[in-house]
1. Expressed as a whole percentage, what fraction of the accessible surface of the stretch 237-277 belongs to carbon and sulfur atoms when a 1.4 Å probe is rolled over the protein heavy atoms?
2. Leaving out ligands, DNA and RNA, and with a 1.4 Å probe, what % of the accessible surface on the stretch 7-90 is carbon or sulfur?
3. For the chain, report the accessible area per residue in Å² (1.4 Å probe, heavy atoms, rounded to an integer).
4. Only Lys, Arg, Asp and Glu count, each charged at its Cβ (+1, +1, -1, -1), so figure out the dipole size of the stretch 170-269 about its Cα centre, rounded to 20 debye.
5. When the dipole is taken about the Cα centre of the chain, and only Lys, Arg (+1) and Asp, Glu (-1) are charged at their Cβ, what size is it in debye, to the nearest 20?
6. Using protein chains only and a probe of 1.4 angstrom, how many square angstrom of Ser181 are accessible, to the nearest 10?
7. Can you find, among Leu231, Gly241, Met201, the residue farthest towards the positive end of the dipole of the stretch 170-269? Put +1 on the C-beta of Lys and Arg, -1 on that of Asp and Glu.
8. Mean-square fluctuation check for the chain, GNM, Cα pairs under 10 Å: which of His74, His162, His271 is largest?
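The values are calculated or read from the model by the stated rules, or taken from the named source; none is laboratory data. As the structure is a computational prediction, the values presented were derived from the model and not from experiment. Positions of Cβ are generated from backbone atoms using ideal geometry, with glycine treated the same way; all protein chains shown enter the neighbour counts. Surface accessibility is based on the protein's heavy atoms, side chains included, excluding ligands, DNA and RNA. Shrake-Rupley method; radii C 1.70, N 1.55, O 1.52, S 1.80 Å.
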Amino acid sequence: MSQTFNYRHLYYFWIVAKEGSMSRAADRLDMAVQTVSAQVRLLEKDLGCQLLKPAGRGLALTDAGLAALQQAEHIFQLGEALPEQVRAASQTASVRLAVGIADGLPKLEVQRLLQPVLAVNGLRLVCHEGEMADLLADLAVHKLDVVLTDHPAPFNRRLKVHSHSLGTSAMGWYGTPHWASLAKKGFPQSLQALPILLPTMHSIVRGHIDKWLGQHDLRPRVVGEFEDSALLETFGATGLGIFPAAVAAQHDLKKRSQVHLIGACEGVVEHYYAISTERKVEHPLVQQLLRKK
């Protein structure tokens with residue numbers, strides 16, 4: 001970091017850029033226009049480039065000024081969040097677990113996978129959902145302690161991560177009482193005449209389900225495809241169609257959505273993985289997740 005760089009100068013520039021003029025910025029800062037202008041000129045001198053240019057009665061950003069503004073936005077947004085984060089960290093001692101949840105992982109299974117640590121005293125669970133690549137990047141810089149997903153981490157020489165199996169669950173077909181009573185007669189051929197809901201191809205298990213349907217020479221009427229498994233369950237519970245989910249979630253699904261297991265999707269299993277930066281995991285809660293698989 002440059003020893004001559006002054007964040008106060010950057011702050012004054014940020015206010016000027018947001019207000020669009022020196023005079024409005026000076027009013028907001030309760031300072032003289034000349035003082036604000038001098039501070040911005042010092043920043044331009046430190047950076048070695050012009051950040052603002054005249055535009056009518058106001059000011060406009062140069063290309064360099066736009067780049068500086070984008071960085072300033074990040075810096076001061078982080079600064080605004082700092083007091084709350086520090087206060088939260090100083091509260092009652094807690095055990096923090098930051099978990100990344102890959103968006104392809106069925107949300108029906110997330111709570112079950114995390115169940116081994118949910119009763120830990122002082123637990124502070126922080127969950128982030130996103131694309132696998134983004135989650136692995138956050139894991140690599142220790143923003144996350146572990147990533148839960150339905151497939152191992154892809155090989156990448158520059159990314160030192162390790163995939164730990166959390167086990168598997170067989171898949172089955174579920175439906176409301178109306179659809180379940182119809183589907184159980186002659187299952188699985190009965191699916192041919194019934195509406196079904198499926199996960200999108202974003203989910204690893206979708207390809208296996210399609211293969212299973214093909215093996216049984218089934219071409220059912222697909223009335224909905226959902227990237228989010230929670231939405232899949234929600235629409236299935238309304239009676240829109242029959243849908244696949246983990247057999248291990250049978251009890252919870254019946255209790256939560258009043259849907260019944262119709263039959264197994266034999267040979268189709270869902271895999272679950274915990275991805276860490278360490279082959280030998282050190283975080284005690286992640287260790288607990290792996291022990292309870």
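1. Working: 920 of 1810 Å².
That fraction is 51 percent.
2. The nonpolar share, carbon plus sulfur, comes to 52 percent.
3. For the chain, the per-residue accessible area is 57 Å².
4. 320
5. Approximately 460 debye in magnitude.
6. Roll a 1.4 Å probe over it and Ser181 shows about 60 Å².
7. Looking along the dipole axis, the top candidate is Gly241.
8. His74
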